[in-house]
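The values are calculated or read from the model by the stated rules, or taken from the named source; none is laboratory data. This one's a predicted model, so the numbers in the text were calculated from it and none came from an experiment. Note that we place each Cβ from the backbone using ideal geometry, even for glycine, and neighbour counts take in every protein chain shown. Calculation scope for accessible area: heavy atoms of the full protein, side chains included, ligands and nucleic acids excluded. Shrake-Rupley method; radii C 1.70, N 1.55, O 1.52, S 1.80 Å.
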Amino acid sequence: MLRANIVPDNLSFPFLVRACAQLEGIDMGIQAHGQIVKHGFENDVYVQNSLVYMYSTCGDIKAANEVFSRMLSPNVVSWTSIIAGLNKIGDVEMARELFDRMPERNLVTWSTMINGYAKNNCFEKAVELFQILKDKGIKANETVMVSVISSYAHLGAIELGEKAHDYVVKNNLSLNVILGTALVDMYARCGSIEKAIKVFDQMPERDVLSWSALIAGLAMHGYAEKAIWFFSKMVNSGLKPRDITFTYLLSACSHGGLVEKGLELFESMKRDYGIEPRLEHYGCVVDLLGRAGKLAEAEKFVLEMPVKPNAPIWGALLGACRIHRNAEIAERVGNILIPLLPEHSGYYVLLSNIYARTNRWENVETMRQMMKEKGVKKPPGYSLIEVDGKVHNFKMGDKSHPEIEMIERKWDEILRKIRLAGYTGNTSDALFDIDEEEKENALHRHKTGTGSIILEKVLVLVWIT
């Protein structure tokens, strides 16, 4: 166009800049910005909006903010673009600050902020903002509901997820591929497999990710045979599986103890579908062999891999050593794994567990000392529980819950009753060189908030009531 001596206008540049954004070509975008200045359109609001969008998309939030701050009359698109950029780099607090300062918002802005929270793992914040949107009488669209339902999935909030599903139905929102897949994933993650399958069957159209979400849910809850059956059905429908599909399948075989079938699927990836196995797939095979007690085979598999094994693969083998109490292989793996990721507390704890299970208390102390010397600290465990549509978060050592005293009293009462009924606690992972009774007391009377203990309390409470 320039060679033809046609002068670009304020309509030409937004398309040019957005093309650079789609390619995430920051260098091309900067050159386009130079042409904008050269032709005198740097103060045009539509051109400025495209520049804010381009810089935000390319992750240069500083440049995006410079353009935004020079705008004399930023409109809703301007604000939404800068909020999207801040969300992309993970600065959700600043994004929310701008969101709250906006003189007006449209549904795209609400969707951008809710999605930003969800993408940055601020699931409770996403849910809170959705509630504000509803309170204002604004009708959410499919894009908003995908973010909200995904947040409920990660929180394990099945009741709230069901209400969101009802909202979709009552407001006649389209059960498109993305929204339908989000619902399938939510129900599957929350353990409601029957509802996940029902939604899946109701979807007018499905893609590979829809099938994969269902297979993942079945794998997560131990339905290995069913996961394989749905995989066969997907292939027979003419869809080609993706690498993530095989990750879920191999995980299903691992949890279901289907060693031969898992190895067969691993071999078929490249042979039948032309999918080159990634590190995640090799890790699944290690987990498959390890869970089945084939630790020597698993170690051999890792050592003979055509690609260099990473920390999660060695971690899978270490986890298998814990299950089968094999301190010999665990020690070899630990000597490789800990130097590989010296700041990762989980591997120290896992190795300590293995030593404790085999009564090697000197080695347990060595692990503790090593963590202390390297300044490695285990992050506090936590559990989430949904009661009457509200999600409660219990962190280790945190007694801030307003009903914590009542919870502890109730637990003491329940513990007495279930002990009379023959209950004994699982003390196999108590890392103390003390007798069994002391171990059980140490676990049960640990600060209320330890993730596994709280979860045990809640499950028993639900069972009794």
Practice task
Find all pairs meeting these conditions: Cβ atoms under 9 angstrom apart; at least six residues apart or on different chains; first residue within region 1-26 and hydroxyl-bearing (Ser, Thr, Tyr); second residue part of a loop (DSSP other than H, G, I, E, B) and open to solvent by 90 Å² or more (accessible area, probe 1.4 Å).
Solution key: 12/1; 12/6
Practice task
Spot the failing condition for residue 139; the list is (1) out of contact with any Phe, Trp or Tyr (no Cβ under 6 Å at 6 or more places or on another chain); (2) within 25 Å of residue 258 (Cβ to Cβ); (3) surrounded by fewer than 22 Cβ atoms within 10 Å (Cβ to Cβ), and only one is missed.
Solution key: (2)
Handout entry: Qualifying residue in region 361-382 (condition: open to solvent by less than 50 Å² (accessible area, probe 1.4 Å) and either under 30 Å from residue 157 (Cβ atoms) or in a strand (DSSP E or B) (or both))
Key = yes
Exercise for the section: Return a yes/no flag: does region 192-211 have any residue that is more than 19 Å from residue 231 (Cα to Cα) and not hydroxyl-bearing (Ser, Thr, Tyr). Expected result: no
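Look through region 191-238, keep the residues that are polar (S, T, N, Q) and surrounded by fewer than 17 Cβ atoms within 10 Å (Cβ to Cβ), and return whichever of them is nearest to residue 265 (Cα to Cα).
Taking region 191-238 first, the residues polar (S, T, N, Q) are 192, 202, 210, 212, 232, 236-237.
Checking which are surrounded by fewer than 17 Cβ atoms within 10 Å (Cβ to Cβ) leaves us with 202, 232, 236-237.
On the way: 202: 29, 232: 11, 236: 16, 237: 18 Å.
Among those that are polar (S, T, N, Q) and surrounded by fewer than 17 Cβ atoms within 10 Å (Cβ to Cβ), it is 232.
Only one residue in 157, 164, 153 is free of Cβ contacts under 8 Å to residues at least 24 places away in the same chain and more than 23 Å from residue 86 (Cα to Cα), so which one is that?
Numbers: 157 fails: free of Cβ contacts under 8 Å to residues at least 24 places away in the same chain; 153 fails: free of Cβ contacts under 8 Å to residues at least 24 places away in the same chain.
The unique qualifying residue is 164.
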Practice task
Scan region 323-343 for residues that are over 19 Å from residue 310 (Cβ atoms) and either buried (at least 22 other Cβ atoms within 10 Å of the Cβ) or polar (S, T, N, Q) (or both) and jot them down.
Solution key: 326
Problem - residue 158 being surrounded by 14 or more Cβ atoms within 10 Å (Cβ to Cβ) and over 24 Å from residue 391 (Cα atoms) - result: no
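From the list 355, 347, 382, which one is under 30 Å from residue 286 (Cα atoms) and touching a strand residue (DSSP E or B) at 6+ places or on another chain (Cβ under 8 Å)? Reasoning before the result, please.
Details: 355 fails: touching a strand residue (DSSP E or B) at 6+ places or on another chain (Cβ under 8 Å); 347 fails: touching a strand residue (DSSP E or B) at 6+ places or on another chain (Cβ under 8 Å).
Of the residues listed, the single one that is under 30 Å from residue 286 (Cα atoms) and touching a strand residue (DSSP E or B) at 6+ places or on another chain (Cβ under 8 Å) is 382.
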Practice task
Hey, could you check region 393-402 for residues that are surrounded by 11 or more Cβ atoms within 10 Å (Cβ to Cβ) and either out of contact with any helix residue (DSSP H, G or I) (no Cβ under 9 Å at 6 or more places or on another chain) or of a type in the set (Asp, Glu) (or both) and say which is nearest to residue 338 (Cα to Cα)?
Solution key: 397
Problem - Pick from region 344-360, criterion over 30 Å from residue 153 (Cα atoms) and in a loop (DSSP other than H, G, I, E, B), ranking: least open to solvent (accessible area, probe 1.4 Å) - result: 358
